[in-house]
1. For the pair Leu28 and Arg420, what calculated FRET efficiency results from E = 1/(1 + (r/R0)^6), where r is the Cβ-Cβ distance and R0 = 41 Å, to the nearest 0.05?
2. Which order do the peptides 360-366, 106-112, 489-495, 583-589 come out in when sorted by mean C-beta neighbours inside 10 angstrom, highest first?
3. Starting from 0.36 nm per residue, how many nanometres of slack lie between Arg59 and Met542 once their C-alpha separation is accounted for?
4. Dividing the alpha-carbon Rg of region 525-592 by 2.2 N^0.38 Å yields what?
5. If the only charges are +1 at each Lys and Arg Cβ and -1 at each Asp and Glu Cβ, what is the size of the charge dipole of region 249-335 around the Cα centre, to the nearest 20 debye?
6. Measure out, as a whole number of angstrom, how far apart the alpha-carbon centroids of region 591-637 and region 314-376 sit.
7. Points 7 angstrom from Cα along the Cβ direction at Tyr151 and Asp617: gap in nanometres?
8. With Cβ to Cβ distances under 11 Å as the rule, what net charge do the other residues near His309 carry (K, R +1; D, E -1)?
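Bear in mind that the values in this text are calculations on the coordinates, not laboratory data. Treat the numbers as computed from the prediction; the structure is a model and nothing was measured. Cβ: placed from backbone, ideal geometry, glycine included. Neighbour counts: every protein chain shown.
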Amino acid sequence: MQVLEHERFVGRATSRVDGVLKVTGQALYAAEYGAPGVLHGVIVSSTVAAGRIRKLDIRQAKALPGVVEIFTHENRAKAAWLDRNWRDDVAPPGHPLRPLYSDRVLYSGQPIALVVAESFEAARDAASMVRAEYDVEPHCTELERKRAEAYDPPEKRSGIPPPPEPRGDAEQAFSEAQYKISRDYRVNPEHHNPMELFATTCVYQSEGKLTIYEKTQGSQNSQGYVCSVFGLKPDNVRVINHYVGGAFGSALRPQQQLFLAVMASLELKRSVRVVLTRSQMFFIGHRPDSYHSVSLAADRDGRLLSITHDAVAETSVFEDYQEALVNWSGMLYRCDNVKLSYALAKLNTATPCDMRAPGAANGVTVLECAMDELSYEVGIDPLKLREVNFTANDESSGKTLTSKALLACYIQGAETIGWRKRKREPRSMREGHELVGLGMATGVWEASLQEAKARARLTAAGRFEVSTAASDIGTGTWTILTQIAADALGVPIEAVTLQIGDSSLPSSPVEGGSWTAASNGSAVAAACEALKRTLFKHAKGMANSPLANASFDQVEFKSGRIARKDDPGGSLALTEVMHAADLPDIVEDGSVGPNAAQAKKFASYTHSAIFAEARVDEELAVVRIPRIVCAVAAGRILNPKTARSQILGGVVMGIGMALHEEALMDHRIGRIMNHNLAEYHVPAHADIEQIDVIFADEQDEKVSPLGVKGLGEIGIVGTAAAVANAIFHATGKRIRDLPITLDKLMRTTGEGR
Ligand code: MOS
């Protein structure tokens, strides 16, 4: 699609168009919208992990001044009965959570009451006075204990491919191979913790008519959920998420506060706001706990002969959450004998949910740690091992990749970190009291194009408006869509008014899977293209038009004019065209979607090479990561500034995964104990030093109409492995249980091989 003729903005480092609004507090988030007489809801959560609510004593709470109502399973409103009405666009199979539906408790932290009051303070105070008594039943929150009962989920989650059938004979090849490793790993659960708390402000307009300000990655997903659960008409429910303060996957599915705010609003016929506490944010879904067994075998040159990757991951007792956890191990490297398996085990926790690069951030990390172990076994440089096994195909499906500039990532990343200076032997580099190590890993994530629509409008006054129901979860969507539209229409960024974050706009998938730039971006380009064609038709038809003999290909849109490419003098201002057409506006739609014919032959992924330097205090086992280099091949880079920012965020999260982030469960009571940001440590500034981001040149005309692959997730994939591998190289200690906290490093005596 040749729509971006001038590319004055696309490809250029452009500051966020919403930046000023955000730093001046003018960008409103879900909990910041006011409404006349808005009521405040505070959720009471269960403190036991399984059982039934025997008694809920709400008398004292109800008597508090300002308390309007307390909703429990005993007086909750009517809502849909069938599971399918509760299932949102990205729900896994199973029985979705129905807050306050019955006396049954399935996990600690489950909502058991909503206190609604005239003020937040009154609601919070009253919530603390709700007394629950339970008939406690046995629970299990320990994946280790449930591994023996792990099962293949009978119903597969839509959009998540199950592991492919085995190819070759992995066991036979393994037993015959000379160089091999067999290792067990664990990746502990992680919690998203976006800055913005989950919040819904439900504005009651009139009987059955609501405007909902909602923290979500998909306004239309939330709208569909509300309509289906409460039986409301889509025209009467408008969901707005103009700005989203991070989400990382946690806001793909509608969360409990949406249901509770809407229910209370409909019952009380008032506007209601419900905000989760930071503590409650730990009980709404997380990256699942997982155990992995990996066996790799190679010949003396490092060529892979056999790959086996078996994983067991947790799900809740009521839904079968699934992600592509082991599939990467079969597609990334050339190997003829591969066997993969993925099983679930039920725990009394909230249903796990997608978290930045779900399945890859954890699964690829395990594969890449195992590859590092194999490299020492073979006695080959870890980077060389990856290069030797490079493939330009998706090895699982056999499909050709539309592009894979991974070798360039290896070369540029290695050059930047100074890989050549690395000494082969672990524990062979030191500086002062610190052991120094260099480690690396490959990253991979899918590059997908989803169905998306957009609309472009030119007003009589010459103003462009472009809209699509995309969400910007902090990724830069506001900015890149504006850049794309401005270039397509040949006008400055300031001449384009973008509208996103509103369920009433042209349809869009949830913002997830790193597909928004490619999907909504291409839809915006298509809508602009359609608008230009219509404008050209009007221009051509004008009396004495200088474009009368021109074809569409012979003109260009530039500086608010349509001009002949061969004779810029022969041009018309868009305002003249609008005036002559005598229309208040011209509106055109554009849409994109996956190309089914192409998908039969080709597959598309984003790739990266991550290099990490680790420094480990020999006495104290304190780990520092002074440097990470992340070289990414993601097709066309729309905005190097926001793109770099996405990779930085992913890398920081990868460091958190490697070293810090760990939910500590007290299995006796089945409850996370460090449900706060003081004890669940996400990397802070002091944990992060230099991060270099490199974008390898990658032209890909097939992956999406704009040649864009997407960047939201690739930065985290492999980063934890690069860090773990660097720590091994520094210390000779192999920790196979993430995060690598210093107690584990101190306990391990060394020689993890
Ligand atoms: Mo992403 S985990 O699809 O928001």
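1. 0.20
2. In descending order of packing, they fall as 360-366, 106-112, 489-495, 583-589.
3. Values: separation 483, 0.36 × 483 = 173.88 nm, distance 7.58 nm.
So the extension gain works out to 166.3 nm.
4. Working: Rg = 11.5 Å, N = 68, 2.2 N^0.38 = 10.9 Å.
Normalised Cα radius of gyration, region 525-592: 1.05.
5. Working: 9 positive and 9 negative charges, 110 e Å.
So the magnitude is around 520 debye.
6. 16 Å
7. Going by the 7 Å Cα→Cβ label model, 4.9 nm.
8. On the way: positive: Arg183, Lys339; negative: Asp310.
Summing Lys and Arg as +1 and Asp and Glu as -1 gives +1.
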